[in-house]
Amino acid sequence: MPKTQNKAVMQWLYIFAFVVAFLVVFGGFVRLTRSGLSIVEWNPISGAMPPVGEQAWEEEFIKYQETPEYQLINSGMTLGEYKFIFYMEWIHRNVARLAGLFYAFPVFYFLFKKTIPFKEFGIYFVMGILFISQAFAGWIMVASGLVDRPAVSHFNLTIHLLLALTLFGLAVWTAFGHKYGFPDPAKKAAWSLPSKLSAASLVVLIIQISYGGFTAGLKAGHVSDTWPLMLGKLIPPNLFASWINLFESPQTIVFIHRWFAWLGILLVPAVYFIVKKQNYPADIQNGLKWLIGVVALQITLGVLTILSYVNIVIALIHQANAIFLLGLALYFIHRFRALDAK
């Protein structure tokens, strides 16, 4: 981790993290509107411009008509309807291009001005690699839905999502370092109980987000629009008949996604009562109260997403709140580890 703190770098990292979060949520909108497979080629440079003229649009539309999504789901779609889904995906890709520029220009400016010392450039270089990796993963994901079925691989979707969220997490973690100070690598501070429980909460959240990716990729949220019952039962039969169901069965995956989050309701209050008992700083105690509320809101949004049969607005708020939760989880781990080192 770096050692040099700088307010301008911190502000850039916060804004960059927000841009990445927006990109993830907008990607969810693209997926929910079935727009993600509308552009069948990945042209990082020339693709920055949309088709110009009716002939160019017709040529693009003909390419889309050769895909499984058009043939099995959208046959009969008009050119005007195609333009809508095209522009949704086109905007998504251009926001990604802008995000890349928003990373590249500032980081090289700070490096040139020596605001970021070259010997501390490693963490920022990793961010760049993560950005490129999630972009490649995004195209691999799209390509998986252009071959023989009108849907992307849920594994590829989840990898794309986790790479983007890793980039988000690394950006906010480094920004916290610029605000609160970077840990001294020479100090091997023991992990306190709040630190361990916060780390466990982060693991739970990552697993939950991963199953959210699986759920999205398999459209498993449409399996049942009732809660707490699913398909008329609290625990439907044969959910765990095979270990493969954990990764392939829509019913099993959405069942896990429905109930695994409740571990957060147990872990976060446990952390709060421990820090209150041990008289941690008031800002951490108050922050944990807010965190409990945000976890409760996330579960409520999840239930509403089920009951609304995956209403787009509710589903996107649910996704955005998950990213906010990730940022909060990293914040508390950062603060607890800093206190552990004192």
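Please treat every number below as a calculation from the coordinates, not as lab data. Note that the structure is predicted; figures quoted are calculated from it, not measured. Cβ coordinates were reconstructed from backbone atoms using ideal geometry, including for glycine residues, and neighbour counts include every protein chain displayed.
Pop out the ³J(HN,Hα) list for the range 208-215 in order, Karplus 6.51 cos²θ - 1.76 cosθ + 1.60 with θ = phi - 60°, rounded to Hz; leave Gly and Pro as x.
Along the range 208-215, the couplings run 5, 5, 4, 6, x, x, 4, 4 Hz.
Filter the cross-link list K3/K276; K196/K276; K113/K188; K113/K179; K179/K342; K119/K188 down to pairs whose alpha-carbon distance in this structure exceeds 25 Å.
Going by Cα-Cα distance, K3/K276; K113/K188 fall outside the 25 Å limit.
Would you mind calculating the relative contact order of the range 108-190 from Cα pairs under 8 angstrom and at least 6 residues apart, reporting the percent as a whole number?
24
So what J values fall out for the range 329-337 if you push phi through Karplus, 6.51 cos²θ - 1.76 cosθ + 1.60 with θ = phi - 60°, rounded to Hz, Gly and Pro as x?
So the J values, rounded to whole Hz, are 4, 5, 4, 5, 4, 4, 5, 5, 5.
Please turn the phi angles of the range 48-53 into ³J(HN,Hα) values with the Karplus equation 6.51 cos²θ - 1.76 cosθ + 1.60 (θ = phi - 60°), one per residue in order, whole Hz, x for glycine and proline.
Computed from phi, the couplings for the range 48-53 are 5, 10, x, x, 10, x Hz.
If you line up the long axis of helix 154-180 against the longest principal axis of the chain, both from Cα atoms, how many degrees apart are they, to the nearest 10?
So the inclination is approximately 30 degrees.
I need the trypsin sites (Lys or Arg not before Pro) found in the range 98-160, filtered to DSSP loop residues with at most 14 other beta carbons within 10 Å of theirs.
When the trypsin sites (Lys or Arg not before Pro) of the range 98-160 are filtered for loop state and at most 14 Cβ neighbours within 10 Å, K113, K114 remain.
For the chain, with only Lys/Arg (+1) and Asp/Glu (-1) charged at the beta-carbon, what is the dipole magnitude about the Cα centre, in debye rounded to 20?
It works out to roughly 1840 debye.
With the dipole of the chain worked out from charges on the C-beta (+1 for Lys and Arg, -1 for Asp and Glu) around the Cα centre, which of P185, P269, F240 lies farthest toward the positive end?
The one lying farthest along the dipole's positive direction is P185.
Helix 54-65 against the longest principal axis of the chain: what's the angle in degrees, Cα atoms only, rounded to the nearest 10?
Rounded to the nearest ten degrees, it is 80.
If you take the square roots of the eigenvalues of the alpha-carbon gyration tensor of the chain and sort them as a ≥ b ≥ c, do you get rounded (a/c under 1.5), prolate (a/b over b/c) or oblate?
Verdict is oblate for the chain.
Choose one of L297, T226, Q65: the residue whose Cα lies farthest towards the positive end of the charge dipole of the chain (beta-carbon charges +1 Lys, Arg; -1 Asp, Glu; about the Cα centre).
Value: L297.
With +1 on each Lys and Arg Cβ and -1 on each Asp and Glu Cβ, and nothing else charged, work out how big the dipole of the range 1-158 is about its Cα centre, in Debye to the nearest 20.
Computed charge dipole of the range 1-158: roughly 1080 debye.
Determine the sum of side-chain charges near L79: Lys and Arg each +1, Asp and Glu each -1, restricted to other residues whose C-beta is under 10 angstrom from that of L79.
So the surrounding residues net to -3.
I'd like the orientation of helix 7-32 relative to the chain: the angle between its Cα long axis and the longest Cα principal axis, in ° from 0 to 90, rounded to 10.
For helix 7-32, the angle is close to 30 degrees.
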